[in-house]
Each structure stands twice: as structure tokens, then as C-alpha cells.
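To start, the structure under review is shown below, and the notes come after it.
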Amino acid sequence: MMPLREWLKPPRTLLAILFLVTLVSVSALGWLGWKLLDQERAVEAQRAHERLEQAADRAAALVRGALAETGERLGTWLIVPPQKGKPDEGLLLLVADGSLSALPRRRLLYHPAMPFAPDDPANAFADAEVLEFQQALPALAIEAYRRLADSKNAAIRAGAMIRLARVLRKANRTEEARAAYLRVASEARTSLATGAAGGEVATAPVGGVPAGLIAQHALSELSGLSTDAEALKKDLTEGRWPLTKGQFEYYWSEAGRLTGMATPPPADAAAFSNVVAQSWKQISQEESPRGQNTVWIADHPWFLIWRSVPGRKAVLVTRPESLLGAIHGTGDVLGAALDGEGRVVAGGRSQTGYAAVRTPAETHLPWTLYMTSAQSVNEAGMLSRQRFLLLAVALMVSFLIAGAYFIARAIRGDLAVARMQSDFVSAVSHEFRSPLTSIRQLSELLAFDRVPNESRRQVYYDTLLRESTRLQRLVEGLLNFGRMEAGVRRYRFEQLDTAALVARVAAEFEPQATASGRRIQMDGCEEHCTIHADPEAMSVALRNLVDNALKYAPDCPTIEVQWGVERSRVSISVRDHGPGIPASEKRAIFRKFVRGSAAEAANVKGSGVGLAMVQHIVAAHGGGVTLASEPGAGSVFTILLPLGARQT
Ligand code: ADP
């Protein structure tokens, strides 16, 4: 990453434009993504609404179907009562000719009103009761009751037997009393089981209470056996006797007392019985041949539906859920049925969000149907789509930012190269200018014969020679570098003595070093240190290193050139005690046109191609260049070359 201050350097306008374009593009992308998300949400909400509307239509159709079917079944039951134990969904009341029957019987614990009131033929027992109570002649009373117990009239027979048992009980003739009760009970049981006419004895009321029940109760009291009491309880829970509420409660508590365990009556049957008791008036007064109604009993909704033909009426009492099961939608759809006052009859609904409503006017149902959704939109699907969209937008934004970054970097890089090239041109021109100026001035002096004496002339000739050689070396150096860069430079390898090579190059710099009061110190093995190299190219490389040491360490009196053999490689190092090279520049200075801080500090002109050339040449010889340097402690450039023959 480039540091921030690098970015703030010119070309600022170009970078600012790029930054702005990127910013605008990223914002546009973000806005687009957000818009898309918004649209997606709206579409999803629309889809959810449609789903609810469809669910509402489906629910309305299903409920209508269920209601019609129930009505039809009721119509059938009106003529042919359902099988025993049916219907499953509720309590069916069949009212015919003033008598009420409940199906299944166990759902009605007591009757709302005694639908029948057969005469208790009390008159028949008047004489016997006079004997029993007023004259206190139990034996005669027993006689009288026994006679009546053989009557053809079931009611008289039942009344006589119950009274007979009573007198016998009072007279402590318990066994006989039990026998009398048993007769009533068994007559009742067999008759009820077979449907024979003797059933009248069982249900015949004695003092308003069915004789069978009185007998059963008395028997369990007499025997003290819990099995008898259990049988009594079972009869009560199965709704065997047509009882009033008060009678049921009394005998239920009696059964509890006799079993030694007071339990509440079955909740389901108690609820149905209560509903029938409370709405009986309405049911019995209803004149229309068909109808339905929702009633609220103890904060619970109940549904009544009836069909009638003259003299017969069938009423079904159910919980609304049994008919409204279809409103429970699938998935997150919540269905609810509300009555005219807005009370929830069945199901449930969400208070927030969209609701599909079907009014009774539309559906011809007795309720308003509400379809709502637990979630406002399909959260899971929405979330995954949102995530995908966000990811796509984030990816595009990242690409955009990365693209902009690389473009900016490329611009900076190209600019840096352009700057380096222009620096190079100006540096090279400068290098050319000083020898050219002195050549021109000296040639002028010589041409116009303005030389004072012969020795001076010789000095001028020497200077001319030196300057033109320098110029030639400069041009050749650049040409060499150009060839090297183009890859067309040819090397002529030969066996070369390292000591001789170093001595030759050092000798070239001797006059320059001596002139500035410095010296080049050489140190290395004299023998067996041969390299296989191009003498000209290797001289150029070494020359560059020595030249740099002299240029960048002007205050350092000695430049050391050392050579030797190191792990089967020949090393030639040039050491100075100059300013050194910072770590950050160590790699860069080997690149072409790159000039370091030392060049700037010493105000030394140069082209920045010297070290690049050194590296090029050494690499072509199969070797490498290393640099060890500490700022302030000088630098050591080392050329490492393979020892031994090498052919190209
Ligand atoms: P030039 O000398 O023309 O600048 P070079 O490629 O020879 O090109 O050197 C690149 C840079 O390396 C120089 O500008 C200088 O900053 C640094 N450098 C080279 N040799 C030395 C040295 N002996 N001491 C300090 N810095 C050096």
C-alpha cells in the first residue's frame, strides 16, 4: 500500500477526478442496491397479500362446505338417528313429540327441562299410604303394595315396588327390601338393554325421580359396596336417566359420598349440558325450519345448528372449531373466524400486518373470516435474497474500489517512470556538457593559437585527450546499457586474473583519487583467483562501483577493493566509509534510473543506470551483487562470480 502522502502528491487533479468518479459510481451502486432491495420487499409483500387472499377464499369455501355437509347430515338424522356413540363432533338433540333424546347420551348429563311428565299415579297408592303412614300398619301396607306391584301399568308397578321396598326397609326387613329394589333395577337393566316394554319401569318417575335410579341408589346404600356406587356413578355419567340439573347434582354427590371419592362430573359432558341448559329456551322456541347461531357461554363460543320438520327437530351443539378447522392456514398463515361483535370464535390472528377479510355478506357464513400472516413477508426467503443482493453489490463496489486503486497506482507508476526518464535525460545532458565545454574551449585556444607556451599546449592536449576519452566512455556506457537492455550485448569470455583486473581499474582512477587526496587500497590473493569473464564488461562493472565510492564518499580518504575466493566463488568487494544507504533504498537503487538519497545529499550528478548495469553484467556472468550498508557507516558492494570455466 502506498502511504497517504504519496497519494497527495501530483497529479492531484487526476487522482481527485478518479476518486470522485469512483465515489459517484459506488454511491450509485449502493443506491441501486437499496432500491432493488426496496422493490424486492414490495414484491414480496404483494405476494404475501395474494397468498392471504387465496387462503381466505379457500378457507371460506371449505367452511361453507363443512357447514352445508353438517346441515345435510342433520336433515338425515332428523329422520334416521345416527348410530350409537355418534355424532363425533358434538351433541345431537332430537326433539320429537315433546320428548328429548340426546346423542351420544353421555354428553348430556341432565336435561334442560323435563320434556315429558307422565303422571305419577299417586292416587293408586293412596290407600296403601294411609296404612303405611297414618295407621302405622306396615304389614298391611306391604300387602297392599305387593298387590299393586303386579299391576299391568308400569308406572303403578314401579311406584308400588319402590314404596314396598321403602316400607320393608323401615321394618328392618332389609333382604326383602333389597329384593324389591333389585327387581326394579334388573327389570330396568334388561328392559333398557333389550328395549323391551319393561323399560318404562326404569324411567317411570316416582316422586319425579326415575324408579331405576331410586332403586340403584338405595341398593348401593344398603350394600355399602363401592361397586354398586360405581355402577350408580357410571349410570349418571352415561346419562342413563332423564334427570333435572338438581337431581343430577344430588345423585352425583351421593355417588361421590358412597364411593368415598367426590370427583367432578366429566368436564366435556358438563360443558355440553350447561350449554344446552342455558340455550334451551332459544332452541325450543326457534320456529324456523333451519338455522344456526353462535352463543357465548362462560366466555366460550358454541355453535348451534338446527333443522326441523313439523313435530321433529334436530339440533347439533358443537364447538365452532369442529366446523372451522379449515381456517387454520398452512405455513405462517393465521386464520380466525369472528362473530358479529368482533369476538374470535375460532382460530387466531396477528394484530399487525395485512389481513384478507371475508365478510358474511360475501361468504354467506355466519362469521367474518380473517386471514393474517404471522410474519409480514416471507422472512427467510427475503433474507437470503437480501443477502445475495448485498453480496453482489458489495462485490461490485469492491471491484470498483480495487479497480480505481490499481488505476491510480498505474498512473503514479507511469508518472514516476516518466519523471525518472526526464531526470535521466537532464543528468546525461549535464554529464555531456562539462567535457564538451572544456573540449570546445581548449580547441578554441589551440585553434586561435592563444597558448602561451609549449608546456601549456601539452597540458591542453592531455586534457583534450582525457575529456574526449571520458566522453567516449560515457557514450559507450550508455550504448552498452542500451544494448544490454535490448538483450543484444555479446560478451567475449576469457580467463581473467582478478588481481590484474582490479589493478587496471584502480589505475584508471588513480589520478582522480590522488587529485582529491585519497587513495584506493587493494587487498587480495595474488594467485589462483581467475574468473571466466568479458574483460571489458567486468571493467565497466568494477569501474562503476569504484566511481560510486569516490562520488558518494568524498570525505572518505580510503576506498578499499578486496578480492578472494569464498565458497568456490570469487568475490570482489568495494568498500567505502561514506554516508551509507538506508534500508528502504537497498533494493530500489539497483533499478534503472533510480537515484538514492546519497546522490541528492552530495549533489552528485548521475544517470541512475550504473548499478543496474553492474547487476546486468554480473548476472550475465552467472553471478550476483550484494550490498551491505548502514547509514553513516559506509557501504560494501560485493560482486560474486563463479570460479572456473564458463562458456556462453
Ligand atoms: P548514479 O550514480 O548515476 O546515481 P547508480 O545506479 O550508480 O546511479 O547509483 C544509484 C544510487 O545508489 C545513487 O544515486 C546513490 O544514491 C546510491 N549509491 C550508489 N553507490 C553508493 C555508495 N557507495 N554510497 C552511497 N550511495 C550510493
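The values are calculated or read from the model by the stated rules, or taken from the named source; none is laboratory data. Keep in mind that this is a model prediction, so the values were computed, not measured. Because the Cβ atoms are built from the backbone with ideal geometry, glycine has one as well, and the counts that use them run over all protein chains shown. Accessible surface areas use protein heavy atoms only, side chains included; no ligands, DNA or RNA. Shrake-Rupley method; radii C 1.70, N 1.55, O 1.52, S 1.80 Å.
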Would you mind telling me which numbered condition in (1) more than 23 Å from PRO642 (Cβ to Cβ); (2) at pLDDT 90 or above VAL546 fails? (1)
Could you list, in sequence order, the residues of segment 18-56 that are open to solvent by 80 Å² or more (accessible area, probe 1.4 Å) and under 25 Å from THR352 (Cβ atoms)? TRP34, GLN39, ARG41, GLN46, ARG47, GLU50, ARG51, GLN54
May I ask you to verify whether SER373 is in contact with a Phe, Trp or Tyr (Cβ under 8 Å, 6 or more places away or on another chain), small (Gly, Ala, Ser) and in contact (Cβ under 8 Å) with a residue 24 or more places away in the chain? yes
Those residues that are more than 9 Å from the ligand (Cβ to nearest atom) and aromatic (Phe, Trp, Tyr), I need them from segment 549-571; list them, please. TRP563
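Name the residues in segment 628-645 that are in contact with a strand residue (DSSP E or B) (Cβ under 9 Å, 6 or more places away or on another chain) and more than 8 Å from the ligand (Cβ to nearest atom), would you?
Taking segment 628-645 and keeping what is in contact with a strand residue (DSSP E or B) (Cβ under 9 Å, 6 or more places away or on another chain), we get 628-629, 634-645.
Answer for segment 628-645, where residues must be in contact with a strand residue (DSSP E or B) (Cβ under 9 Å, 6 or more places away or on another chain) and more than 8 Å from the ligand (Cβ to nearest atom): ALA628, VAL636, THR638, ILE639, LEU640, LEU641, PRO642, LEU643, GLY644, ALA645.
Quick one: which residue in VAL625, VAL574, VAL614 is part of a helix (DSSP H, G or I) and either surrounded by 15 or more Cβ atoms within 10 Å (Cβ to Cβ) or within 8 Å of the ligand (Cβ to nearest atom) (or both)?
Of VAL625, VAL574, VAL614, the one residue that is part of a helix (DSSP H, G or I) and either surrounded by 15 or more Cβ atoms within 10 Å (Cβ to Cβ) or within 8 Å of the ligand (Cβ to nearest atom) (or both) is VAL614.
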Which residue out of GLU72, GLU40, GLU44 is at negative phi and without any contact (Cβ under 8 Å) to a residue 24 or more places away in the chain? GLU72
Under the condition of being within 6 Å of the ligand (Cβ to nearest atom) and at pLDDT below 85, which residue from segment 582-611 is surrounded by the fewest Cβ atoms within 10 Å (Cβ to Cβ)? GLY606
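Quick grid of which residues meet (1) free of Cβ contacts under 8 Å to residues at least 12 places away in the same chain; (2) part of a helix (DSSP H, G or I); (3) crowded, with 19+ Cβ neighbours inside 10 Å:
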position: ARG483; (1), (2), (3): yes, yes, no
position: VAL488; (1), (2), (3): yes, no, no
position: ARG504; (1), (2), (3): no, yes, no
position: GLU510; (1), (2), (3): yes, yes, no
position: GLY517; (1), (2), (3): no, no, no
position: ASP555; (1), (2), (3): no, no, no
position: VAL561; (1), (2), (3): no, no, yes
